[in-house]
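One structure below.
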Amino acid sequence: MKQSKMFIPTLREVPNDAESKSHQLLLKAGMIKQIASGVYSYLPIAKRVLNNIEAIVREEMEAIDGVEILMPALQPSELWQESGRWPSYGAELMRMTDRHGREFALGPTHEEIITSLVRDELKSYKKLPVTLFQIQNKFRDEKRPRFGLLRGREFIMKDAYSFHATEESLDATYQDMYQAYSNIYNRVGLKFRPVIADSGAIGGSHTHEFMALAEIGEDTIAYTDGSDYAANIEKAEVLYTPNVQHTAEAALEKIHTPGVKTAQQLADLLGKRLDEIVKSMIVKVDDRFVMFLIRGHHELNDVKVKSFFGTEVVEMATEAEIEGIMNAKPGSLGPVGVDKIDIYADHSVQDINNLAVGANETDYHYINANLGRDFQIKAFGDFRFILEGEQAADGSGPVKFAEGIEVGQVFKLGTKYSEAMKATFLDEQGKAQPMIMGCYGIGVSRTLSAVIEQHHDDNGIIWPKAITPFDIHIISVNPKQDAQRTLADQLYTDFSKNYQVLYDDRQERAGVKFNDADLIGVPLRIVVGKQAADGIVEVKLRGTGESFEVPVNELTAKIETLYQDLA
Ligand code: ATP
Ligand code: MG
């Protein structure tokens, strides 16, 4: 394609609010344009890369017998009422009303639509299993759209759904998907890790997220070098091995602690270490309040709390709620004398005694509070985030942390939707059974951004060969010079037969063209400059910066070899 006819509005400066490298480069390379917060147009370069990613996704889905369909983005509320998610999905669901007063949503995901489709059409075990997928724009009114395409409010997703008569059949498809996802991320050039993930309290049996490794990533992965263990830290289990450090029990004593609001301040005041302090927190679980005790250096993990109580609704109590129940401010809470609410504690709280805790009286704490004597615990559990260096759940060694971008997730849904929405099939005995389901998502636009996050330098993007928008970028340095223009035109025609070629034929300064070429990131570059008259061009590799002077009669062979060797 001729660059003079393309629409690539590159920028010299990027808007200040572009925080991630990929967001900056997408804007600078003229690939996207923001229309509203979290809503973007994809310009030609981005569209070409998306097409390439989507082609890989399609190939891998079809290789495991996935069948492509396209469902409506506009979804009637009735189906969401059936699944029970109309009230529970919350503010992320973009809701609207049509002219007849009927309620609709713009699809954030398609379990409801697909379940209604399949229940009406597939009624016998003989027609199962089936895997259907689509590539489509999804809508989520994210609280904090950010990082450009990484967290948009309208974004492109590949979503697949599988329907089964047996658990074994679901297991097999889940494995196929897991492998297909690994293939996809390898092929698009991402360094990634599949991690054990949280399945939410409901429906949840088994799920993995695929994390592209990147510092900007909003998720933290706990992994070890000793095995392929990796988990989202939300989910990373803490192996509790008792490490009891008790001293002789001392008398409970209330002390005045004016201004002490945090565990660190209390530790400082008492001359103790942070891990010798026990923090008390009030959490709202569904409609009731409970207290959690956690060591000072640990953080409460709300995902673990949710799964412990089997609910999605867990929130930290507000200051007003805390004062209402405890008659004290958040910085002065503790378990002593608490009888109105249940108290839960992380396992590691058992390891220490003579605890310093809040006295449930603003500006007072107790020292030497002891379990059994001064307060009771309803249950101990794994309620906290793992720390770097603690033993991995599979015992393979200390965990390390890395940041990741969730580019996909595979999920065993079970019968959550099929039961709620009465999607049944007749088994071999002619008995109606709920279909067993899996669902599998890939953030296509997020993947595009994640690739840029991993493949760039200070000057711009460096596309992996498999998804590059063009293979070769031909630059005519000065098209006003006949020899240069004629040769560049010729090379454009010739190479277009076997490669995707972008031809910079613009009447622009050479510096502008080179800057743009670096930004856009096409892996192979042919520069037709002053030596055109002598039949010599420069070939440059975007990735390594290496360049070669090549006589035109050797150019085809040289490009062929370089192309072969591209990553
Ligand atoms: P997140 O935790 O990042 O909000 P999610 O777990 O809610 O994502 P899923 O419902 O698993 O997302 O959706 C499947 C895939 O769609 C995700 O793995 C991610 O790659 C992509 N995705 C989800 N939300 C967005 C978004 N707001 N913008 C771009 N891609 C997204
Ligand atoms: Mg997810």
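Numbers at a glance
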read-out: Farthest toward positive dipole pole in the chain [+1 Lys/Arg, -1 Asp/Glu at C-beta], among THR262, ALA423, ASN354; value: ALA423
read-out: Protein accessible area in the range 253-381, 1.4 Å probe - carbon and sulfur %; value: 48
read-out: Estimated FRET transfer efficiency when R0 is 30 angstrom, pair GLU554-GLN500 (beta carbons, to 0.05); value: 0.85
read-out: Charge dipole of the chain about the Cα centre (unit charges at C-beta), most positive-ward option of THR247, GLY389, ALA320; value: ALA320
read-out: DSSP bridge orientation in the range 253-381 - percent antiparallel, rounded to nearest 5; value: 70
read-out: Gain upon complete extension [GLU321, ASP286; 0.36 nm per residue less C-alpha separation]; value: 11.2 nm
read-out: Extension gain (nm, one decimal) between ALA251 and ILE341, 0.36 nm per residue minus Cα-Cα; value: 29.9 nm
read-out: Charge dipole (debye, nearest 20) of the range 444-564; +1 at Cβ of Lys and Arg, -1 at Cβ of Asp and Glu; value: 200
read-out: Sequence-distant aspartates and glutamates (8 or more away, or on other chains) whose Cα lies within less than 12 Å of LYS304; value: ASP198, GLU234, GLU237, GLU312, ASP346, ASP382
read-out: Residues listed by number, the range 145-167, amide nitrogen under 13 Å from VAL39 label point at 7 Å toward C-beta; value: 153-155
read-out: For the range 338-493, accessible area per residue (1.4 Å probe, heavy atoms of protein chains only), Å²; value: 37
read-out: Check: the chain dipole with +1 on Lys, Arg Cβ and -1 on Asp, Glu Cβ, in debye; value: 1460
read-out: Rounded to 5, the percent of DSSP beta bridges in the range 465-565 classed as antiparallel; value: 50
read-out: Burial order of peptide ranges 311-320, 345-354 (average beta-carbon count within 10 Å, highest first); value: 345-354, 311-320
read-out: Cα Rg, Dmax (largest Cα-Cα span) when computed across the range 100-148, Å; value: 15.6, 46
read-out: Relative contact order computed over the range 315-456 (Cα-Cα under 8 Å; 6+ residues apart), in percent; value: 16
read-out: log₁₀ of I(q)/I(0) at q = 0.13, 0.23 Å⁻¹ - the range 253-381, Debye sum with one point per alpha carbon; value: -0.47, -1.53
read-out: Net length gained if the chain between GLU390 and ALA91 were fully extended (0.36 nm per residue, minus Cα distance); value: 103.9 nm
read-out: In order through the range 291-304: 3J(HN,Hα) via Karplus (6.51 cos²θ - 1.76 cosθ + 1.60), integer Hz, x for Gly, Pro; value: 9, 10, 10, 9, 5, x, 8, 9, 10, 5, 9, 5, 5, 5
read-out: Computed over the range 253-381: relative contact order in percent, which uses C-alpha pairs under 8 Å that are six or more apart; value: 29
read-out: Rounded to whole Å, sorted largest first: equivalent-ellipsoid semi-axes of the range 465-565, Cα gyration tensor; value: 19, 16, 12
read-out: LEU300 accessible area, assembled protein chains, probe 1.4 Å, Å²; value: 30
read-out: Cα-Cα pairs of the range 310-412 separated by more than 21 Å (percent); value: 54
read-out: Long-range lysine pairs (8 or more apart or interchain), the range 465-565, Cα under 25 Å; value: 16
read-out: Aspartates and glutamates with Cα under 19 Å of LYS2, excluding same-chain neighbours fewer than 8 positions away; value: ASP471, ASP482, ASP489, ASP494, ASP504, ASP505, GLU508, ASP516, ASP518
read-out: For the range 16-82: accessible area per residue (Å², 1.4 Å); value: 44
read-out: Percent RCO, i.e. relative contact order, over the range 465-565, from Cα pairs under 8 Å lying at least 6 residues apart; value: 28
read-out: Fraction of accessible area attributable to carbon and sulfur, the range 140-242 (%, probe 1.4 Å); value: 45
read-out: All Cα pairs of the chain, percent lying beyond 43 Å; value: 37
read-out: Surface share of carbon and sulfur [accessible, 1.4 angstrom probe, percent] for the range 453-567; value: 44
read-out: Projected label distance in nm at ASP98 and SER4, using a 7 Å step from Cα toward the beta-carbon; value: 5.0
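The values are calculated or read from the model by the stated rules, or taken from the named source; none is laboratory data. Note that this is a predicted model, so its numbers are computed, not measured. Every residue, glycine as well, gets a Cβ built from its backbone with ideal geometry; the counts of neighbours run over all protein chains shown. These accessible areas exclude ligands, DNA and RNA; they are computed on the full protein's heavy atoms, side chains included. Shrake-Rupley method; radii C 1.70, N 1.55, O 1.52, S 1.80 Å.
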